[in-house]
């Protein structure tokens, strides 16, 4: 563990992991499930859920930016600014998902963000960065990777899939 970092309390770290992952999955899927139960179209609900999920994750880029900075290697220039910019990118993706005309391209942008940002999660877990579940080390990836794949599949199936109706 790098100098100056504190050893995380394992029980608190696990609670944070599960809370964050459950919140992300609930935000992503609950609107669609509710619409399905009501017998209504799911695409708008899927877009709303994905947007909420991205707003939730983007909030960390501003609320715990200093901690998130540690998810990037020291050789990366302007790490704090990069954390802020990626948070803004996630907010733009969220906004794009809410607008029917930009929904499909924003869904592809969301998938790209999930893929491109994943190496930062791997690095953070390997170095035990003190942010959320990353502090628990590489074992965190046994949970994070399947959740990330589920999110990509969900967004593809509900919003980006070419068979989805195009907005007019």
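What follows draws every value from the coordinates through simple rules; no lab data is involved. Everything quoted here is computed from the prediction, not taken from an experiment.
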Normalised convex hull volume, segment 10-160, alpha-carbon set, Å³ per residue: 99 Å³
The chain, helix-only ellipticity at 222 nm - DSSP H runs n ≥ 4, -39,500 (n - 2.57), divided by all residues, nearest 500: -23000 deg cm²/dmol
Most fluctuating residue given options 110, 74, 26, as computed from a GNM of the chain linking Cα atoms under 10 Å: 74
